[in-house]
Amino acid sequence: MLHGCGEWARNSLREKPGKIALVSNQKIFRLYGETVSKSLTEAGFEIFVCSIGDGERHKNLRTLQQTLGFLSENRISRTDAVVALGGGVVGDLAGFAASIYVRGVAFLQIPTTLLAMIDSSVGGKTGVNSEFGKNLIGTFYQPNGVLIDVETLETLPKRELTAGFCEAVKQGVISGKSLFDQTTCFLDTYPMNNLGKSLSSKTLNADLEDLLASHVTFKAEIVANDERESPGKTDARSRKILNFGHTFAHALEKVTNYRYLKHGEAVGHGIMFAVELSKELGLLGENEVSSVKKVVLRAGKLPLISHIDSELIFRTFNYDKKLINDSLQWILLKGVGKPFIFPHSEIPHAALVTAFKEITRHK
């Protein structure tokens, strides 16, 4: 599909081809940059390549400023566009830059990681990390189009696949039995240990496309119902439920300076922490906790976190963007497909401590 991205871009933008600022990192551009640039050029666009650092630690204000400088230096105008080619870091940062440069230019997403395909490229959240926490500075800015080519996953490192499937488990758990079972079945049919070697299989690719389509559909429906995560919306289809597993995950990422864990790996730990906390609060039974944790572990081995100071993690909750009126809102679980918004003020500290011990005691 990348070979036809030029025509797709023209159809998505519905404007006479002008300039495109193609934001990527060196690793991804080396793999797919020539193909994408050639197709865009053949479609009539003038291409300017902006390369940013690879990794969550580069999703910051400094990189944002450099990207805005690049757009200005190359005279990108309101009739031009920004295209993000890469994973969630590239997409979040490029989208944020597109949203604030000259008060908004057209934006297209070409995600190349599993996590970006099912999560960050869909929904319109853009942003950067800061010393205060993850994604506290950003905007809601919907892309004009998203192009997903599953063949790009053939070059994805195993850790990135695990990270993406952890996010898929998260969405399956909060969606309901259908998506949860589809995700579980895929991981059972295609074990993570051999998945990378099998990505060229037509059968696997067909099943993977079906799985990705289901996840994108679920997230798009949630976003359409609550695009800007309304503070007053607290039902089971509030956009807030997409934060399941993320309170703990974001704290983990912050205390490890965004260097130790992939975002999806942190989400994997966050899912297990959230279900253990749900059990401690009497919301979820042991069998359901075990069922969810087993599926997370099928997604792949997660880096150890038992050496991290749990109290440091808990203190970091105070910087979470889900704070409303100084009150943190947790997304917990009453069952598969039954996410529940729970106030932090009603969670005993002992319950947090026990949940952390439970997810680290077998590691």
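Test each condition in (1) surrounded by 22 or more Cβ atoms within 10 Å (Cβ to Cβ); (2) of a type in the set (A, V, I, L, M, F, W, C); (3) out of contact with any strand residue (DSSP E or B) (no Cβ under 8 Å at 6 or more places or on another chain) for VAL255 and report the one that comes out false.
(1)
Inside region 61-82, can you point out the residues that are hydroxyl-bearing (Ser, Thr, Tyr) and either within 13 Å of GLY104 (Cβ to Cβ) or in a loop (DSSP other than H, G, I, E, B) (or both)?
SER77, THR79
Take the conditions of a type in the set (A, V, I, L, M), over 19 Å from VAL102 (Cβ atoms) and over 25 Å from the mean Cα position of the chain (by Cα) and apply them to ALA9. Does it pass?
no
Confirm whether LYS38 is more than 23 Å from THR126 (Cβ to Cβ) and not in a helix (DSSP H, G or I).
Considered against the rule, which asks whether it is more than 23 Å from THR126 (Cβ to Cβ) and not in a helix (DSSP H, G or I), LYS38 comes out as no.
Kindly provide the set of residues from region 275-300 that are assigned to a loop (DSSP other than H, G, I, E, B) and in contact with a helix residue (DSSP H, G or I) (Cβ under 8 Å, 6 or more places away or on another chain), ordered by number.
Once the filter is applied, which keeps residues that are assigned to a loop (DSSP other than H, G, I, E, B) and in contact with a helix residue (DSSP H, G or I) (Cβ under 8 Å, 6 or more places away or on another chain), region 275-300 yields LEU281, LEU284, GLY285, ALA299, GLY300.
Scan VAL36, VAL105, VAL49 and give me the residue that is β-branched (Val, Ile, Thr) and in contact (Cβ under 8 Å) with a residue 40 or more places away in the chain.
Result: VAL36 is the single residue among VAL36, VAL105, VAL49 that is β-branched (Val, Ile, Thr) and in contact (Cβ under 8 Å) with a residue 40 or more places away in the chain.
Just to be sure I understand the filter: pairs with C-beta atoms under 6 Å, separated by 6 or more residues or on different chains, first member in region 275-291 and without any contact (Cβ under 8 Å) to a residue 40 or more places away in the chain and crowded, with 17+ Cβ neighbours inside 10 Å, second member basic (Lys, Arg) and assigned to a helix (DSSP H, G or I). Which pairs pass?
VAL289/LYS279
Rule-based calculations on the coordinates, nothing more; no lab input. Computed from a predicted model, the values in this text were never measured in an experiment. We place every Cβ from the backbone using ideal geometry, glycine too, and count neighbours over all the protein chains shown.
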